[in-house]
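Notes follow once the structure below has been shown.
Nothing in this text is a laboratory measurement; each read-out follows from the coordinates by a stated rule. Just so you know, these numbers come straight off a predicted model, no measurement behind them. Every residue, glycine among them, receives a Cβ derived from its backbone with ideal geometry; neighbour counts consider all protein chains shown.
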Amino acid sequence: MGLTVITGRSGTGKTKHIFDEITSRLNNDTSVGSPILLMVPEQMSFQTEYEIVKHLERDSFSRLQVLGFKRLAHRVFQEVGGATRFFVNDVTTNMMITKILEDHNKDLKLFNHVSNSPNFASMLYEIIKEFKSFNITPEIIDDILETSDYSDSFKNKLADIKLVYEQLNELFKDELVDDEDYFRLLAEKISESDYIKEAEIYIDGFHMLTNLELTVLQQILKYAKQVTMLFTLDDPKRVDMTNEDHLFHLPFKTFRKVLSYAHDESIHVELNHFEEIKRFDLSSELYALEQNLKKIEKEHYKEEPNHIHIKACDNPKVEIHEAARTILDRVKHEGYNYNDFCIFTNSQDVYYPLIKNIFRQYNIPIFIDDKKQMLDHSVLNLIHAALEIVKTNWRHEAVFRAIKTELFIPIKQQFVKLEQFSNYQDIYRNKIDLFENYCLSHGITARDWYLSEFKVNLGRKLVDEHKTKKKGHEQLERTINDVKDSIAPPLIAFIKRFKEAETVKGKIKALYELLIAIDVPQKLELYEKLETASSKDVFSLNSAKKHKQVWNHIVELFEQIVTICGDYKIKTHEFIKILETGLVNMNFAIVPPAIDQVYIGTLKRSRFEMIGRLDESSFFGVKNAFVLGVNEGEIPKMIKEKGLLSEQEREFLAYDGVELFPTIEETILDEYFIIYTVLSSPSEHLFLSYSLSDSDGKEAFPSEIISEVKSIFPNLVERHVYEHPEGDDPKYITTINQTTSTLLKQLHLQKKGYKIDSIWNSLKQYYLQDERLRHKLKSLHYKNESIQLEREDAKRLYGDTINASISRIEKFNNCPYSHFIDYGLRLKERDVHEVAPPDIGDLYHHTLERITQELMQHHKTFAQLADHDVRKLVEDTLNKLSPNIQRNFFNKNKRNQHLLNKVSDTLIRTIQTIKYQDQFSQFKTIATEEEFSNEAKRFTIPERILKNGTKLNIKGFIDRIDVTDTEKPYVRVIDYKSSDKKIDYTSVYNKTSLQLLVYLDVALNHASKIVGRDILPAGAFYSSVKQSKINGKTEMTDEEILQKHREAYKLDGYTIDDRQGLYYMDEKLKDEQTSDIINVKFKKNGDLTSNTRVVGAKELNVLRNFANKVILESAINISEGDVQIVPQKNKQRSACAYCQYKPICKFDHRLEENNYNYANKVNDIDDLVKKIERDMGGEGNE
């Protein structure tokens, strides 16, 4: 029984010394000898074992075991007993704590109101585990409560923790153990272990220990044959490390505790301090850094360092690219291997995903020392999704998350040859896509899944109400019902069993039976066979076996929960919350590195001292270390207060001698020690880099560590690394994929006028001369512009006849390319069961049409309707029409019904306004939704033959046509708009607002057939269908409010300058100066005001001719294949603003070839007519 303690600063060869001693003894001692046990942190055990094995003879390894504390416990329990105790994981324990909180809620003094909060049980368990780790028992808490003068709230908090702690211990008794109990039990059993008593034990890598770990260590010291323990310290005989600010204070505390126990137990102690630092034989700079870190009085290194590098990078991506280029360059030109490089970061969430993607581009193999969550596996995804289905009542995202795990795929027995399964899988995926499209378009909700079969409903829009199913629809129904029948029954059965189950056992059983019902074990076995068959190396084979690992973990978890908590009655939401937490915490066993790879890890977790060669000290451990993200708040990490105990409460306990995990202040000191070990770990080169902006583009600042290193090396030159290469640095020429990417970026910059180094143009020539590389520069000449369609291609797309509505002509003039996608390629957005503004607009139009037609049939007008008649007409009409909008969308749920009520209110308000306008008008409606086309019954528009031979059929519907029953009848057209539409003369002149002009032109040409006499134009107007909102700065009477509403509904458009026509539209104008029906205002002398916009007969003729000419010219351009990407921009409004095709055209005004078609501004109606007459010459007046 003896203890050897080896101390020394980083790089003195402590680890190398014990490795040499172990390998020498194992290789030279041919007798059986004492067992040798090397104890290191769990994550270091494999790498340590691997490095030692490389230097051992084949038969000598059996004496050595490399273990952490947990694996040591298993080894001892196997020998002396104790392994029979049932281990409980955090999920099970959290369920037990949840039950305790529920049963003892009334006994809680502080937590009674928050005990049901999400994650509270896990927070409580964390503090109980911490108490266990430091041997703080409920009895000790009792003593604290009796002797302390803490505040009542803190005492109540401790009392509640103690209550739950006691109850948990009562449930555990001597049958159950968690991680912390393992240590306690191990400490008790070591005295019975012959293996420990005979063993020579080496301990490395522990600079801080919890009280439980310390208790285990004390027992090892007491009973082991010999113990050798390593500490990273200054010479304890010469240097005072008791000051809390000392770099080695925390490991020194552990050192003193170990020596104190050894002294108390009369254990012989041999102290060996290694003074000479051997690691930095090749670099005096790294030695200077190690010696001066965190020193107040630093010795400055006068020369310019060549082995320490600091780089300021634009962002994290640039950091990683720079690291990859540096590694690749040194491997290629300086004889390094990949495993001579390690990368450390404290921001793994940012850097790990980027490293994976970017290093792949450089073909650099990597090993990331991180736990990989099982949650990404399909089975855990399915369980999580199934719980979400319960929680969200069949929400679409949850259902299809479950379906897309592909664990519902029916397994066919005929797949004797595994290669056939891939084709079957593709067919199944296509069916799932069709099925999802159906569910989205039909708004499948919870109750629908219980239907015996799904039916295809064609009623997406009001115009679809008379559609009938075709053969393709029947086939689609069969497909979706086949898929439904493989998915719905097991899920329905699961949900029923899960909800009916009152106990934990019942709920777990429901989950397990779901997995069995859909043959999950058989499918995992199949997937393992498939992956094994396609595996190319040992790592792929290991990946293939993850399916079995997942299934075993799930079964083990379920069995444990049922064994311990099976009879617990627990609320569904609480069960789901706890189980989901457990699923998140399930991890795969890490595949340790065994080939030439770059090692990547975090500063705190990853210990790469054990890598490399053992033949001489200069090649042992890390050769080159990169530390990425050396930014403020990251290195050292900003420590935040968390958990149930505040920092102040921890300090109170520490003052009273209660030791727990380090306080924030101690944690910061620990961070500095870890930073020291990392910065002093490389023997040849240290690369530090920081970002000038974070991953979100926000400004970032360098860490104080950068300043400290600079203060030690005043002549160190910091290099700024930009996103784009500067100069002719050959390091940027790396792998084909990455070099091509960089080259293309450089050449694109050159195209934009930036100066680039000649090396890139030389490389471009090399690419052009190499047949294998030439095609990679294709994108260099790519321009985001369309190519004019050949006439025949346009004909194949659009046909011999162009059937053009006015909105289609307007769309073409807004952007020819958007028109091409819509009317040529006929691309459509995914059909989703939701109501969009166009659907509401359709409902407004058709409701007004039906009501108007009904009034016309009964020879009534809106003015004759009573208010209650308006409401009844609207509600009855909506009840008939609304089921045909988006497959009965409005009747799906109360929320949708509320939306329909708002539609009803809007229509009622609008019709009440129309009623008011009717009361003062001579105009009566003679047509609603009047069709005009070459096939229309009344408003027949002859087919036109364009000058290139293409036929043109203009078609459309006029919402409302009104005429006066007077000696000289007048006509006006009304176009309903669900937006607050106003006439915009700029849009008219730029050919994107033609509807009113064309509708009026058609009415003037054809309405006389209905009236039987020649007619005169009164105007063409937009009528808003909306809920008007009135804002006022002063209090208003009801009449004033009503008047404001009326003015908000004024008809806006083209008002013909005809006094009689104006009076017919608003008889009040005979006695009043201002109309609240149309935008007309008279002066006192009877003249129109300057801001009243009216159109004379001559101007109207110009506008009508202009509209017709635009239609013909646009139709010709369409037929000639014009598909230019030139969206129109009118003021700040662009045709791209609401365009659904932006991801296709990829218009970017920053590109030289992409330009807006800027609208020519028009000030007023006079300016509009003047510009048209100028453009058209004599044609405008024909």
Fill in: Cα gyration tensor, region 478-584 - rounded (a/c under 1.5), prolate or oblate
oblate
Worksheet item: Counting DSSP beta bridges with both partners in the chain, what percentage is antiparallel, nearest 5?
Response: 30
Worksheet item: For Lys892, what charge total do you get from the other residues with a beta carbon under 15 Å from its beta carbon, if Lys and Arg give +1 and Asp and Glu give -1?
Response: +3
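Cα-based count: Lys pairs in region 834-921 below 16 Å, eight or more positions apart or different chains?
Close lysine pairs under the 16 Å cut-off: 8.
Counting pairwise Cα distances across region 930-972, what percent come out greater than 15 angstrom?
57
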Fill in: Amide proton proximity set for Asp1052, modelled H, under 5 Å, gap of 5+
Tyr1022
Discussion item. Please enumerate, by chain and number, the aspartates and glutamates with C-alpha under 15 Å from the C-alpha of Lys1081, excluding those fewer than 8 residues away in the same chain.
Written reply: Glu1047, Asp1052, Asp1057, Asp1058, Asp1066, Glu1067, Asp1071, Glu1072
Fill in: Qualifying trypsin sites (Lys or Arg not before Pro) in region 331-402, DSSP loop, other Cβ atoms within 10 Å at most 15
Lys371, Arg395
Practice prompt. Report, largest value first, the span of the C-alpha coordinates of region 834-921 along each principal axis, in whole Å.
Written response: 40, 21, 21
Worksheet entry | Partner lysines for Lys1009 [C-alpha distance under 18 Å; skip if fewer than 8 residues away on the same chain] | Lys924, Lys937, Lys968
Practice prompt. Work out, step by step, the length gained on full extension between Asn891 and Asp149: first 0.36 nm times the residue separation, then minus their alpha carbon distance; give nm to one decimal.
Written response: 260.7 nm
Fill in: Semi-axis lengths, Å, region 374-588, gyration tensor of Cα atoms, sqrt of 5 times eigenvalues
32, 26, 13
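What percent does the relative contact order of the chain come to when contacts are Cα pairs within less than 8 Å and at least six residues apart?
Here the relative contact order equals 12 percent.
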Fill in: Mean Cα-pair separation over length for region 86-173, i.e. relative contact order, pairs under 8 Å, 6 or more apart, %
38
Worksheet entry | Sparsely packed chymotrypsin sites (Phe, Trp or Tyr not before Pro) within region 771-879, loop by DSSP, other Cβ within 10 Å at most 15 | Tyr782
Worksheet item: Normalised by the residues of region 183-336, what does the relative contact order come to in percent, with Cα pairs under 8 Å and at least six apart?
Response: 16
Item to complete: Can you give me the three principal axis dimensions of region 86-173 from its C-alpha atoms, in Å, biggest first?
Response: 38, 29, 18
Item to complete: Can you give me the P(r) profile for region 220-303? Cα pairs, bins 10 angstrom wide beginning at 0, each as a whole percent.
Response: 14, 39, 29, 14, 4, 0
Discussion item. How large is the Kirkwood hydrodynamic radius of region 730-780, counting all unique pairs of alpha carbons, in Å?
Written reply: 11.0
Response to the item:
Put in order of increasing Cβ neighbours within 10 Å, starting from the fewest, Ser151, Ser681 give Ser151, Ser681
Worksheet entry | Reported label for calculated Rg/Rh (Cα atoms, Kirkwood Rh) given (1) 1.18; (2) 1.03; (3) 1.07 | (3)
Item to complete: Within region 768-818, report the trypsin sites (Lys or Arg not before Pro) that DSSP leaves as loop and that have at most 10 other Cβ atoms within 10 Å.
Response: Lys783
Discussion item. Once you compute Rg and the Kirkwood Rh from C-alpha atoms, what is the Rg to Rh ratio for region 1050-1178?
Written reply: 1.10
